[in-house]
1. Around Gln329, under 14 Å between beta carbons, what's the net of Lys plus Arg minus Asp minus Glu among the other residues?
2. Find the relative contact order for the chain and round it to a whole percent, using C-alpha pairs within less than 8 Å whose residues are 6+ positions apart.
3. Could you give me the ³J(HN,Hα) list for region 187-201, computed from phi with Karplus coefficients 6.51, -1.76, 1.60 and θ = phi - 60°, whole Hz, x at Gly and Pro?
4. Amide H neighbours of Phe59 under 5 Å, at least 5 residues apart or on other chains, H built in the peptide plane: list them.
5. To the nearest 20 debye, what charge dipole does region 122-281 have about its Cα centre, counting +1 at the Cβ of each Lys and Arg and -1 at the Cβ of each Asp and Glu?
6. What is the sum of charges around Asp16, taking Lys and Arg as +1, Asp and Glu as -1, for the other residues whose C-beta is under 14 Å from the C-beta of Asp16?
7. Could you tally the net charge around Thr170, taking each other residue with its Cβ under 11 Å from the Cβ of Thr170, Lys/Arg +1 and Asp/Glu -1?
8. With just the Cα atoms defining each centre, how far is region 102-179 from region 221-287? Give it in Å.
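What follows is calculated from the coordinates using simple rules that are stated; it is not laboratory data. Quick caveat, the model's predicted, so the values are computed rather than measured. Note that we place each Cβ from the backbone using ideal geometry, even for glycine, and neighbour counts take in every protein chain shown.
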Amino acid sequence: MKSVYITAHGGPEVLDLRESPDPTPGAGQIRVRVKAVGINFADILMRMGLYPGAPPPPFVPGYEAAGVVDLAGPGVINPRAGERVVVPTNFGGYADTLIANAAEVFRIPDGKTFEAGAALAVNYMTAYLALVEQGHLQKGNKVLIHSVGGGVGIAATQIAKIYEAEIFGTASSSKHDFLKRQGVHHCIDYRSQNFEKEVMKLTSGAGVHLALDPVGGSSFSRSYRCLAKTGKLIMYGFSAASTGPERKLLNTAWQWLRSPSFSPFDLMMNNKGVIGLHLGRMTEQKEVFATAMTQLALWWDRGKIEPVVGATFPLQLAGKAHDFIQSRQNIGKVVLTIQ
Ligand SMILES: NC(=O)c1ccc[n+]([C@@H]2O[C@H](COP(=O)([O-])OP(=O)(O)OC[C@H]3O[C@@H](n4cnc5c(N)ncnc54)[C@H](OP(=O)(O)O)[C@@H]3O)[C@@H](O)[C@H]2O)c1
């Protein structure tokens, strides 16, 4: 089997394709021949050594893949060899062969592609938990979504549309036409415009009910100031830590220092909420996960949500895929494919 390793902390060149013997599934496990691997921004932060909780190099990154079951271990009745499945992974996903617990994979519906399967779990789960579970999104709410052109951003847009929300999104200007067609009502180019001023102008000073912010640093304070009274800020990332393909710890530290401390007095006087979200630290909430997955599967089946796969790269070109995302060219999910 082939896997892409992060061999050291650094730029995209530290990614290296390595071979090892094919694994054999144990009791309750299946072996999957992978066709598509979803890239998440967290993989990039891990490569740069900026992701808390990642193992030390060398290790194989990757949280999600999709492929075909080719071998079932003892005791496995479902899924059977030949079935198409999505495989959530806790690291290790950048590979052409995976071993998974049979109970943890889910079937890809007929008519859906492997690429879409590999683009679903992390992005849509994060967006659902932020908007619905933690944000308590209500019909007609005003929602600010940062990095709205990325995988989570487009997932959040599609879910917010189901709730008939008015969507304000920040993204590089080259993505605005596409995003408007996706349903973002107000696209803001955060690189040339002050998004806080734009949001307040567009809402006549009222602000938004919900702000989804994975950028971090000073963006958290500015998003907080965009909130209407009783509004909530959901913080779920720190992409500001990545200031280019190489690791620049001083720049990262500077972004970290610009993160706000929220005043309890201000929170109380304005009935505002500030909430953190980390998908990986939510997995023990099994009921929450099951409800979210059931709802997402239903919406996917009914065509209410559909992952946008913006670009694909062969597995061995994972470094180029990272580069593509870090230079902010992606619209939607970037997926690695295996022929
Ligand atoms: N907490 C969780 O459980 C969780 C789960 C999933 C994702 N996340 C976080 O959510 C964010 C989005 O993830 P994703 O996988 O959807 O991202 P993605 O699809 O890889 O999108 C990356 C996009 O983010 C925007 N961006 C903003 N600041 C950036 C920076 N400093 N460097 C590079 N790109 C930057 C760029 O688009 P524009 O220039 O057009 O804005 C870029 O194209 C990340 O911060 C990620 O860590 C958190």
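1. It works out to a net charge of +4.
2. The value is 18 percent.
3. My calculation for region 187-201 gives 8, 10, 7, 5, 7, 10, 10, 8, 5, 5, 4, 5, 4, 5, 5 Hz in order.
4. For Phe59, whose amide H was placed from the backbone, the distant partners under 5 Å are Ile6.
5. Numbers: 18 positive and 10 negative charges, 23 e Å.
Charge dipole of region 122-281: 120 debye, to the nearest 20.
6. Net charge around Asp16: +2.
7. On the way: positive: Lys175, Arg191, Arg222; negative: Asp189, Glu196, Glu198, Asp213.
Within the 11 Å Cβ shell, the charges total -1.
8. Cα centroid to Cα centroid, the span is 19 Å.
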